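The values are calculated or read from the model by the stated rules, or taken from the named source; none is laboratory data. Keep in mind the model is a prediction, meaning the values are calculated, not measured. Cβ placement follows ideal geometry from the backbone for every residue including glycine, while neighbour counts extend to all protein chains displayed.
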Amino acid sequence: MKTVFDNIERAVPVIRVNNRDLNLAFYKETLGLKVISEENALAMLGSQAAKTRTDTRLILEESPSMRTRAVAGVKKLRKIVIESPEFTEGFEATSPEGDLFEIVPSQSETQDIKITEIQLNTSNLKDALAFYVEGFGLSEKDNVVQLPFGKISYTAAQGPDLLTSPEEVWDLEIIEYEVAPEVDLHHIAMQLDDLGLDYYVDKKGKILTLTDGQNLEIWFMK
């Protein structure tokens, strides 16, 4: 079965944080990332070779405590694995917001970084997997969904905020999937109608948004 994921080269996580400057210091100094641009509450990050918005590989969104709070208990985001050319030895590090990252040295000559795995905690394992397997025809084994550019893995967990709306807490907020220009998002939307999934697609067919089985926002963007 051909799915929209056949035309996607990467996933870009959007992480909601409290103090952007404090977190940016960690992402730059510890993880070796570069700030490509800052737009209002957003900071776009990429490799040291990154130059433009299209080189973005990870996004931070600052959300002050007046309207957002720390997660109670377990976060949805368990770990992000990044393949990076900046390091010769692998390591794990935790951000000021409590988000865990694993750095794996690149095995190729590329100067770009690559997010190879997003690990998530979920209290709704069946629906979280069904979103990708039944909704988009992807394969799954041992709670790991295989994607053309990496994988998303799930761990069963319990916590009061594992189904909380992403704009309320400092946690993974969105997974952006960048689709090829030739992909017809209106056609993808028709497939979602058949599956009974709620979504939004703009009139120009540039962005399609929906929510997965654990209340994470999923964006398909051109």
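Remarks
- Test result for Val71, free of Cβ contacts under 8 Å to residues at least 60 places away in the same chain and touching a Phe, Trp or Tyr at 6+ places or on another chain (Cβ under 9 Å): no
- Subset of segment 188-222 [of a type in the set (D, E, K, R), closer than 26 Å to Arg53 by Cβ and not in a loop (DSSP other than H, G, I, E, B)]: Glu217
- Top-ranked residue in segment 155-187 [being in a loop (DSSP other than H, G, I, E, B) and among the β-branched types (Val, Ile, Thr); ranked as modelled with the highest pLDDT]: Thr164
- When the residues of segment 6-44 are filtered to those that are closer than 24 Å to Ser165 by Cβ and free of Cβ contacts under 8 Å to residues at least 40 places away in the same chain, the one that is surrounded by the fewest Cβ atoms within 10 Å (Cβ to Cβ) is Asn40.
- Any hit, segment 128-137, residues being of a type in the set (A, V, I, L, M, F, W, C), surrounded by 15 or more Cβ atoms within 10 Å (Cβ to Cβ) and under 20 Å from Ala49 (Cβ atoms): no
- Criterion applied to Glu83, Glu61 was being in contact (Cβ under 8 Å) with a residue 24 or more places away in the chain, in a strand (DSSP E or B) and over 28 Å from Asn215 (Cβ atoms), and the one residue passing it is Glu83.
- Across segment 174-222, the qualifying residues are those that are within 30 Å of Asp161 (Cβ to Cβ), in contact (Cβ under 8 Å) with a residue 12 or more places away in the chain and acidic (Asp, Glu), and the one among them that is surrounded by the fewest Cβ atoms within 10 Å (Cβ to Cβ) is Asp198.
- Selection count, segment 87-109, where residues are surrounded by fewer than 19 Cβ atoms within 10 Å (Cβ to Cβ), of a type in the set (D, E, K, R), modelled with pLDDT of 95 or more and not in a strand (DSSP E or B): 1
- Answer residue from segment 45-76, given it is within 18 Å of Val104 (Cα to Cα) and buried (at least 16 other Cβ atoms within 10 Å of the Cβ) and is nearest to the chain's Cα centre (by Cα) among those: Leu58
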